[in-house]
Each structure stands twice: as C-alpha cells, then as structure tokens.
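The values are calculated or read from the model by the stated rules, or taken from the named source; none is laboratory data. Predicted model, so just to flag it, every value in this text is computed and none were measured. Here the Cβ positions follow ideal geometry from the backbone for every residue, glycine too, while neighbour counts run over all protein chains shown. Surface areas here come from the heavy atoms of the whole protein model, side chains and all, with no ligands, DNA or RNA. Shrake-Rupley method; radii C 1.70, N 1.55, O 1.52, S 1.80 Å.
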Amino acid sequence: MSREFTTAAVVGLGTMGAGVVEVLARNGMRIVGIEVDQGAADRGKSRVEASVERATSRGKITEEEAADILGRITYSVSLDDVAPADLVVEAVPERLELKKEIFGKLDSVCDRDAILATNTSSLSVTELSVATDHPRRVIGLHFFNPAPVQKLVEVIRTVVTDQGVVDEAVALVERLGKTPVVVGDRAGFIANNLLFGYLNHAVQMLESRYASREDIDAAMVMGCGLPMGPLALMDLIGLDTAYEVLDTMYHQGRDRLHAPAPMIKQMVTAGMLGRKSGRGFYSYAKPGSSTVVPDATTPAARTVSGAALRPIASVGVIGSGTMASGIVEVFAKSGVEVIFVARGDAKVEAVLRKITSSLERAVSRGKLTEDAKVAALGRITGRTSLDSLAQADLVVEAVVEDLEVKRTLFADLDRICRPGAMLATTTSSLPVIECAAVTTRPHDVVGMHFFNPAPVMKLVEVVHTVATAPDVVDTVVDLCGRIGKHPVTCGDRAGFIVNALLFPYLNDAVRMLSEHYATADDIDLAMKNGCGYPMGPFELLDVVGLDVSLAIQRTLYLEFRERGWAPTPLLEQMVTAGYLGRKTGRGFRIYA
Ligand SMILES: NC(=O)c1ccc[n+]([C@@H]2O[C@H](COP(=O)([O-])OP(=O)(O)OC[C@H]3O[C@@H](n4cnc5c(N)ncnc54)[C@H](O)[C@@H]3O)[C@@H](O)[C@H]2O)c1
C-alpha cells in the first residue's frame, strides 16, 4: 500500500511553485505555500487564484470545486510551517546555494518520514540531498510549465534515494493524473537536456540576425507543429531560469552548445525575464500576462525593400516528384497559372493524375468545391520541354536533391527565361548561391523551401543569398501570402531555420539513447508529455527516414563544424544496417 499523502508544502510560489500548489490542491491535499516575504506570498497567492479562475471560466472545474481547492491552501513566510507536511516540493530560483540552504532547513523542520522533493530543472539532486542528514528521502519531482497542463513529471532518483521513496513518488504522480518517468541524476534530465540546446541555438540565430524572432518562432510552430516557438517558450520559462539551466548544463557537460548565448545574460541583467516581468523576447500587456503587445521590433510590414513588387501572372514548376506536384497544386488552387515541366509524357500524365486525385480528395472532404477543382485543373499545363517556361514570371525547381543536376538546370533556365524572371529552388540542404552562381542573374535567384506535403504545410522558408535583390525577396514573400502560405525569411545557410534547429535536437536524442540514460519510449514520452511536441524524436526520425536525417545532420556538421553536431555513431550504424525507419519496416522501432 503506498502512502496517502494528505498534506504537502511548496516552497517558492513563482512560475512553477504556484502551478505545483494548484496541481496538488486539485487532488485533495492540504497545502501550505511558503515564500520569502509577505509581498511575494501575496503575488504567489494571486498567481494560484488567477489560474484556478481561468480553469473555472473554461469550465474545467466548477465554482464549488474552485472554492474547495483554494480553501485547502494556506500561505506563510515561515519555513517552520512546513512541519506537518508528508511531502515538500521546493521550487525556489535555480541557484544551488539557495536550494542547499533550504534543504538543510527542511531536514530539521520536517518529520523523519516526509519526502523532500526539488523541482530543479538542472541542478544536481544528489548535491541537494547531501545538504540534509537524510539524503535517502530526497528526490527530484520535475514538473513542466505550466504545471496544471503538462502531463509529464520526471522523477529523479539519486544513487542514495530509497527505492520506497521512488515508488511512493511514482504512485503520487500517477494519482495526480500525470505521467511519471524515472531517471537518474544528470543535468537537464531527459526533456531539458534535449530542449535547452535547441532553445539556445534559436537565441543565437536571433542574436546573429539570421532571422527575426517572429520568423524563428513561426518556422518551428508551422514547420514542426510545436505548440510554441523557441523564443516564446524562453519567455514562458523565464530567461533567468533558462540562463541558470544552460549554465549548469554547460558546467556538467562542457558542451559549447550549452554555453548560454550572451544575449540571454544581457536580457536577464536588464530585467527582461520573459512573461513574468512583462518583457522578454516579446513584450506583454503586463507582468505575468500571456498577451503579446507590439513593440519597437514588431515588423510593420513584410516588405523590406520599399521597391515595387514584380508582377507574377504565370509560374513555372520543374519536377515530377511529391514536392513538385504539391507545389503545382498549391499555385493552381490559389488562382495562379502554372506550367510544369517533367521528363517525358508519362511523368507529365503521372503528375496530372496525382494532382487530380489530391483535388478530388479535397472535394470529397468538403474542403474544395467541384467548380474550384475544375478551375484549378484548368490553370495547369504540363510540358516536357524547358522552353515552355520562356515567358514565366517565376520558375520554381523541385528536381532531385543533387547539386550538379540543379546547377545544369539553372544554367538552362538562365538561357531560356525572359530577362527579369525570377528563379527559385526548393532545395532543403544545398546552398542556393550555388544555383545562382551559374546564372547571369544571381540577383533574381532565391530559395523557396516548401514543406511536405506542400498543399497542407503552411510554412515556406524564403531564402536570400548574398546576391538576391531585395525586391525579389519581397515579391516571393508577397506571393507566399497570396497562395495561403506563411513565409519566413532567412539567409543561405545549411538547414535554414527549421532543419538547423530540428536535426541537432534529434541527433542529441539518439546520443542520449546510445548513452543508455533513457529508453526511446521514455524520451518520446518526455518530449510529448513534457513539452507538448506532436511526436517524440524517435517517432519523427522513423517517419523522416534515418538516411535523410543522417544526410541533413552531416550537412549541418560540415557547414558549421560544431563538434556537438557530428552525427551520433548509433545513427550512422542504423543507416549502415539498413534500418531506415518506417519505409524499411525498421528504424528505432519495428513496424508490422
Ligand atoms: N520556469 C520553468 O519553466 C520551470 C520548469 C520546470 C522546473 N523549473 C524549476 O522550478 C524552480 C523555480 O523556478 P521558477 O521558474 O518557478 O522561478 P521563479 O523565479 O518564477 O519563482 C521562484 C520563487 O521562489 C521564491 N523564493 C526565493 N527564495 C525563496 C526562499 N528562500 N523561500 C521561499 N521562496 C523563495 C521567489 O520569491 C519566487 O517567487 C527552479 O528550480 C526551476 O529550475 C522551472
């Protein structure tokens, strides 16, 4: 029989502590919340009340339940008041000395059987435990932000934690309706270890002005289906907390990629802590608010050049694969005349069949009318010769990902297309400038990186090289809006925004697996239930294909020469073994 926890204490009622109080009180426990002083206790109380009120207004709990929950919570500024608790959760700022001092005091105040838990994101639970005389009862209970919403709780056991304490903690987490994952004591545990390298990288992208905050966030939300972009997430976590987590991770692993981007420290020093202070990467209506308000860096309009946009009446698309047919469909559906060129009549027919059946599916699902389908098909012309593109205003190539093939194609297009016509590549990993350099019009060459499936995915990365003319970028950005896509702009670097942020994280997950820190199932669970990701890293790797993922990771490594981005040997070995993911029936998992 596991213990029935009836009374708990939470020390520190900030972003996390207030959420943990709510979670515990919702499950019938009596809670005492401890803060440093009366002002902080009052702020903590309002945080809890506001969150319970939100849950009531959304119909998740009744007015009566809300009153009961709030009635079970008391607030205090004296640590002595934790004495009756069977469980104490510490959630003070991420500073080792402060936490150690609190654990020392808790040990002397609490009953011998009480469990002492820390909500630390990255500090050593072992170090905190040895600040007490009873390290066997110290454990990590790492809730995720916002605690009432995110399902995951990482339960961290040290080498001295009593197995009974681990079992009781797991049972409690389950009783709270959350998913426990038990892991050893290592900086960042599962989720933050994989998350914070990515967050830091996103800040570095912004810091180096590679892309705007809005574009970095939109790229990850729309390109990967994440619940929020990395910079908005940093604001939610709190930049001070994020700094401390990165700093601890850096000191434990000495991985340069975890060294906090200088901008984070500057923002913390300036008091720009994120939502809690009303200003972080974004500006908020008031401290604690989630409503973003415009500020000096909010883009006024998408156009940057101020020059007139180039007219686009007809578009050419080259290729007959998944991307090409998807792109043709997108243009035709949104009223643009498209000529596509494929190698041979059979391929032309195949593309037309693919688009027709895709449009018919849209009609049968009620997403498109029969008339709109007929009109879209009427805008599509299939050809087998590039000469048919002589009068196109924009040509988008989506042929095989092979640089020599693309360079030959761009040289041909340069000869064939009218002066002023823009030439775009959908490459996801080759340098756009390589294509531009074989033409006499590098200023007219741009990247248009659509995502698969193109008719569904909203994002397009519009890639400018060092030579691209600003009005070409503006025209293509505007066109993306006209065809119902969300454009983001970035420079011509390996991986652009999305792949550069996504693949190192996937590679890190493979490394974590190969180090036997956690299983693929636990890692997938942690990212889905802790961070709200639609798929865990191993599910995603199996869908994308391990060979494709390895190729992208190699490209990133070769371009940036970051040691931490070298493909994990396990990934290489799986590819060598032919375990490429779903397409071969076996990847990180085996498929029927
Ligand atoms: N922010 C997140 O997304 C997140 C997620 C999971 C875990 N954590 C961890 O939770 C802990 C708290 O982080 P946070 O983001 O809630 O920080 P926060 O700054 O929002 O809140 C910390 C609170 O602790 C109070 N405090 C400071 N000293 C205290 C003391 N001696 N006694 C009692 N209260 C004290 C502060 O007044 C403040 O209200 C950290 O260990 C952090 O790593 C944070």
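Among the listed residues PRO487, PRO537, PRO567, identify the single one that is under 30 Å from LYS151 (Cβ atoms) and touching a helix residue (DSSP H, G or I) at 6+ places or on another chain (Cβ under 8 Å).
Criteria check complete, one pass: PRO537.
Can you name every residue in segment 144-174 that is under 29 Å from the mean Cα position of the chain (by Cα), under 20 Å from HIS134 (Cα atoms) and not aliphatic (A, V, I, L, M)?
The answer is ARG157, and nothing else.
Go through (1) within 16 Å of the ligand (Cβ to nearest atom); (2) open to solvent by 10 Å² or more (accessible area, probe 1.4 Å); (3) more than 22 Å from ASP107 (Cα to Cα) and name the single condition GLU22 misses.
Evaluating GLU22 over (1) within 16 Å of the ligand (Cβ to nearest atom); (2) open to solvent by 10 Å² or more (accessible area, probe 1.4 Å); (3) more than 22 Å from ASP107 (Cα to Cα) leaves (2) as the failure.
Scan segment 427-467 for residues that are among the polar types (S, T, N, Q) and open to solvent by less than 20 Å² (accessible area, probe 1.4 Å) and report the count.
Qualifying residue count for the region: 3.
Tell me which strands (runs of 3 or more DSSP E) are completely within segment 18-93 and hold 3 or more residues being among the hydrophobic types (A, V, I, L, M, F, W, C), or say none if there are none.
Filter on segment 18-93 gives 30-34, 87-90.
Exactly one of these conditions fails for PRO84: (1) in contact (Cβ under 8 Å) with a residue 24 or more places away in the chain; (2) open to solvent by less than 60 Å² (accessible area, probe 1.4 Å). Give me its number.
PRO84 satisfies all of (1) in contact (Cβ under 8 Å) with a residue 24 or more places away in the chain; (2) open to solvent by less than 60 Å² (accessible area, probe 1.4 Å) except (2).
Output the number of the condition that ALA40 fails; it satisfies all remaining conditions of (1) within 16 Å of the ligand (Cβ to nearest atom); (2) of a type outside the set (Val, Ile, Thr); (3) open to solvent by less than 40 Å² (accessible area, probe 1.4 Å); (4) in contact (Cβ under 8 Å) with a residue 40 or more places away in the chain.
The one condition ALA40 does not meet is (4).
Of the residues in segment 212-250, how many are within 14 Å of the ligand (Cβ to nearest atom), within 22 Å of ILE497 (Cα to Cα) and assigned to a loop (DSSP other than H, G, I, E, B)?
Within segment 212-250, residues that are within 14 Å of the ligand (Cβ to nearest atom), within 22 Å of ILE497 (Cα to Cα) and assigned to a loop (DSSP other than H, G, I, E, B) number 2.
Go through LYS100, LYS105 for me and flag whichever is closer than 16 Å to ILE139 by Cβ and either within 10 Å of the ligand (Cβ to nearest atom) or in contact with an Asp or Glu (Cβ under 9 Å, 6 or more places away or on another chain) (or both).
LYS100
Somewhere in segment 144-160, is a residue under 21 Å from GLY17 (Cα atoms), away from the ligand (no atom under 13 Å from the Cβ), open to solvent by less than 30 Å² (accessible area, probe 1.4 Å) and not in a helix (DSSP H, G or I)?
Yes - at least one qualifying residue is present in segment 144-160.
Hey, among the residues in segment 1-14 that are within 13 Å of the ligand (Cβ to nearest atom) and buried (at least 22 other Cβ atoms within 10 Å of the Cβ), which one's farthest from LEU239 (Cα to Cα)?
Here the answer is ALA9.
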